[in-house]
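What follows is one structure encoded as structure tokens, with my remarks underneath.
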Amino acid sequence: FPDSAASKRGLLIVIEGLDRSGKSSQCQRLFDFFRLQGQRVRYVKFPDRSTPTGKMIDSYLTGKAQQDDHSVHLLFSANRWEAISSIKSDLLSGMNVIVDRYSFSGAVYSAAKDNPELSLSWAWNPEIGLLKPDLLFFLDISSEVAAKRGGYGAERYEREEMQSRVRELFKGLFDRLKIVVYQVDAGRTINQVAVDIQAVVKGTLANQQASTAEFE
Ligand code: T5A
Ligand code: NA
């Protein structure tokens with residue numbers, strides 16, 4: 001792409017973290033932040049439970065259906081692959097895209113299961129080729145604080161011992177990928193966390209270094 005087109009490309013911003021770390025609340029705040037600046041922005045949440053793969057995932061997560069561990073893992077990945085071309089074209093049209101959970105959740109939640117066949121590297125494989133985020137935030141919170149927040153415990157993976165494994169696996173995956181990740185202390189108020197995230201986004205908008213790299 002010519003330089004002028006590249007500089008107009010939107011940012012791909014991913015917010016990751018444990019269950020109840022406040023990802024959706026922060027995505028909403030960041031969405032409002034872009035709108036206030038008069039910038040075009042889209043909010044994407046994975047899993048997207050509205051599509052056919054998303055409906056199967058939802059039945060599994062809510063305990064209405066059983067699934068083979070490998071199979072449900074690939075459904076989560078397919079749920080991202082089916083969205084990626086529209087995300088790509090929005091980014092190229094200059095829209096910023098905020099993503100609530102992404103490939104990192106995909107790999108670590110499967111690898112955290114009591115199934116030795118789902119290693120972290122096996123679980124990462126189907127993510128190869130998906131777009132790499134321009135900015136990646138990890139909302140860090142202790143499982144004890146997360147457990148005190150609303151609605152905890154309703155879905156399949158929301159057990160404390162699973163959450164501590166997930167936390168360690170996230171850190172291991174970020175190290176392995178050598179990806180830049182902004183760790184945010186998510187145990188504070190929604191406002192305090194939002195201010196930290198916005199400061200990083202503002203800095204990036206000022207330099208506008210968006211690229212179109214893919215996961216390897
Ligand atoms: N999963 C996901 C996989 O296994 N593979 C995959 O590929 C993907 C993408 C569902 C499950 O699927 C797994 C991971 C999950 O176990 P989900 O649909 O993202 O994933 O889960 P949700 O239940 O929607 O979201 P979370 O539980 O992760 O919650 P959030 O988004 O982190 O938190 P949020 O913002 O919704 O807030 C939760 C509550 O806390 C309050 C909010 O008001 C709300 O009540 N809250 C705060 N309270 C105090 N202080 C703060 N700073 C707060 N921030 C939020
Ligand atoms: Na959420």
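The values are calculated or read from the model by the stated rules, or taken from the named source; none is laboratory data. On a predicted model such as this, the values are computed, not experimentally measured, just so you know. For neighbour counting, all protein chains shown are included, and Cβ atoms are generated from backbone atoms with ideal geometry for every residue, glycine included.
If you go through region 126-133 one residue at a time, do you hit one that is within 19 Å of P47 (Cβ to Cβ) and of a type in the set (D, E)?
Yes: region 126-133 contains one or more residues that are within 19 Å of P47 (Cβ to Cβ) and of a type in the set (D, E).
Going by the structure shown, is S105 in contact (Cβ under 8 Å) with a residue 12 or more places away in the chain, among the polar types (S, T, N, Q) and away from ligand 1 (no atom under 14 Å from the Cβ)? Step through it out loud before you land on a result.
Values: in contact (Cβ under 8 Å) with a residue 12 or more places away in the chain: yes; among the polar types (S, T, N, Q): yes; away from ligand 1 (no atom under 14 Å from the Cβ): no.
For S105, the condition - in contact (Cβ under 8 Å) with a residue 12 or more places away in the chain, among the polar types (S, T, N, Q) and away from ligand 1 (no atom under 14 Å from the Cβ) - is not met.
Select from region 161-201 the residues that are surrounded by fewer than 14 Cβ atoms within 10 Å (Cβ to Cβ), touching a residue at least 12 places away in the same chain (Cβ under 8 Å) and among the charged types (D, E, K, R) and list them in ascending order.
Across region 161-201, the qualifying residues are R176, D185.
Residue by residue through region 202-216, note down the ones that are modelled with pLDDT of 90 or more, in a helix (DSSP H, G or I) and surrounded by 11 or more Cβ atoms within 10 Å (Cβ to Cβ).
Taking region 202-216 first, the residues modelled with pLDDT of 90 or more are 202-204, 215.
With in a helix (DSSP H, G or I) added as a condition, the list becomes 202-204.
Passing the criteria: K202, T204.
Would you mind stating whether K148 is of a type in the set (K, R), more than 17 Å from I179 (Cβ to Cβ) and surrounded by 14 or more Cβ atoms within 10 Å (Cβ to Cβ)? Don't jump to the end; show me each part of the working.
Values: of a type in the set (K, R): yes; more than 17 Å from I179 (Cβ to Cβ): yes; surrounded by 14 or more Cβ atoms within 10 Å (Cβ to Cβ): no.
Against the criterion (of a type in the set (K, R), more than 17 Å from I179 (Cβ to Cβ) and surrounded by 14 or more Cβ atoms within 10 Å (Cβ to Cβ)), K148 does not qualify.
If L12 satisfies all but one of (1) modelled with pLDDT under 95; (2) away from ligand 2 (no atom under 14 Å from the Cβ); (3) of a type in the set (A, V, I, L, M), what's the number of the condition it fails?
In the conditions (1) modelled with pLDDT under 95; (2) away from ligand 2 (no atom under 14 Å from the Cβ); (3) of a type in the set (A, V, I, L, M), L12 misses (1) alone.
Kindly provide the set of residues from region 7-37 that are more than 10 Å from ligand 1 (Cβ to nearest atom), within 17 Å of A199 (Cα to Cα) and not charged (D, E, K, R), ordered by number. Steps first, answer last, please.
Here is the first cut: in region 7-37, the ones more than 10 Å from ligand 1 (Cβ to nearest atom) are 7-14, 30-37.
Filter once more, so that each one left must be within 17 Å of A199 (Cα to Cα): 11-14, 30-37.
L11, L12, I13, V14, L30, F31, F33, F34, L36, Q37 - these are the residues of region 7-37 that are more than 10 Å from ligand 1 (Cβ to nearest atom), within 17 Å of A199 (Cα to Cα) and not charged (D, E, K, R).
Conditions tested, residue by residue: (1) surrounded by 14 or more Cβ atoms within 10 Å (Cβ to Cβ); (2) within 15 Å of the chain's Cα centre (by Cα); (3) within 11 Å of ligand 1 (Cβ to nearest atom).
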| position | (1), (2), (3) |
| --- | --- |
| D68 | no, no, no |
| N79 | yes, yes, yes |
| L92 | yes, no, no |
| V97 | yes, yes, no |
| E117 | no, no, no |
